[in-house]
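J.: Okay, here's the structure, questions in a sec.
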Amino acid sequence: MSGWYSMLTEVLACNACRKAAKESEEHSIGRFLSWDACILNQLSPAHRAVFPAVLTLRRGMDKQVIRLMRDRTEGNTMAKVWRQVLESHCEEYLQRKDLYTTLLSQYKKPGKITRNICQQFQLPPARRELPCPKLLRKAFLIAEAENIEDYRTQIMSSFGKVLKYDSTKKICKKLSGDGKGTAEWCTNVANELGQILTSVLTCEESLDKMRPMAEGLMERYRRADEAPPELMYVDRGCCRIHGVSSVEQLFSEWTDRGMLVRLDLSLDPSI
């Protein structure tokens, strides 16, 4: 959070590979760093948690900094976290610099034996510059990739009797980088507790694009032996004047078993 530290590791090699390399020049010794992913993944989650940093290609990021990025509230951007870390580093550097100059000033006090000794003191080292915020984002994504299975388990174990089907373009407009412009609609299905059961990004809001999402959600209910939802709220397209609605066609298995599709009045601007 406020300083730098160096990490050392040992190089691991198989004894059988070493023996084969000594006997024949055709064989090479396979060497692995002890913090390599293939080594760490063999440990239990409790032992992996002891490792203090998230490693990128050339640098490492302490896990305390990674924890600052998990709160994805409004305004908590990578640049803001970077500024917080920079402030902590600057304060720590100034405190160490002040201590260094204070200790050296004691040698020059009147009456000190060391005052008459001609000694040249080195200037305090310059403060090391922090890497750019992009490194923080990369380290954060690497750390979150290890939690994908946990997130997937939490999502897949969520169900509900009252669901809400909602589509929006606002989230897709915030996409940046390589993903910018690749999707137009973000469709979510949530339960009565506000938990997201499934979410999908599509280029268009058609039955063909949305059917895999609907079939996957209904299949999840079947595998868990859960009863179909009783009610599903939608933001539009629930009127039967022009025939069966698109949502009823997507979730026909549930509607045939009694699920009702109703308009969510909280999203109606006329009310």
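J.: From the list A183, A126, A145, pick out the single residue that is touching a Leu at 6+ places or on another chain (Cβ under 9 Å) and among the hydrophobic types (A, V, I, L, M, F, W, C). Can you show your working first?
T.: Details: A126 fails: touching a Leu at 6+ places or on another chain (Cβ under 9 Å); A145 fails: touching a Leu at 6+ places or on another chain (Cβ under 9 Å).
Residue meeting the stated conditions: A183.
J.: Something else about it: List the pairs whose first member sits in the range 13-27 and is in the same structural domain as I39 (by TED's automatic domain parsing) and surrounded by 13 or more Cβ atoms within 10 Å (Cβ to Cβ), whose second member is hydroxyl-bearing (S, T, Y) and at pLDDT below 80, and whose Cβ atoms are under 7 Å apart, counting only residues at least 6 apart or on separate chains?
T.: A21/S28
J.: Follow-up. When the range 52-63 is examined, which residues are found to be more than 12 Å from L135 (Cα to Cα) and either at pLDDT below 85 or in contact with an Asp or Glu (Cβ under 7 Å, 6 or more places away or on another chain) (or both)?
T.: If the condition is that a residue be more than 12 Å from L135 (Cα to Cα) and either at pLDDT below 85 or in contact with an Asp or Glu (Cβ under 7 Å, 6 or more places away or on another chain) (or both), then P52, A53 are the ones that fit.
Yes or no, residue by residue, for (1) under 17 Å from T187 (Cα atoms); (2) among the small types (G, A, S); (3) assigned to a loop (DSSP other than H, G, I, E, B); (4) without any contact (Cβ under 8 Å) to a residue 40 or more places away in the chain:
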{"position": "M218", "(1), (2), (3), (4)": "yes, no, no, yes"}
{"position": "R222", "(1), (2), (3), (4)": "no, no, no, yes"}
{"position": "D225", "(1), (2), (3), (4)": "no, no, yes, yes"}
{"position": "G243", "(1), (2), (3), (4)": "no, yes, yes, yes"}
{"position": "E253", "(1), (2), (3), (4)": "no, no, no, yes"}
{"position": "G258", "(1), (2), (3), (4)": "no, yes, yes, yes"}
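J.: To continue, here is another question. Among the residues of the range 237-264, how many are surrounded by 12 or more Cβ atoms within 10 Å (Cβ to Cβ) and at positive phi?
T.: 1
J.: If you take just the helices (runs of 4 or more DSSP H) that sit entirely in the range 92-209, which of them hold at least 3 residues that are charged (D, E, K, R)? Before the answer, list the steps.
T.: On the way: elements: 133-145, 148-156, 170-173.
Because the criterion is at least 3 residues that are charged (D, E, K, R), the helices (runs of 4 or more DSSP H) in the range 92-209 that meet it are 133-145, 148-156.
The values are calculated or read from the model by the stated rules, or taken from the named source; none is laboratory data. Just so you know, these numbers come straight off a predicted model, no measurement behind them. Neighbour counts are summed over all protein chains in view; Cβ atoms, including those assigned to glycine, are modelled from backbone coordinates with ideal geometry.
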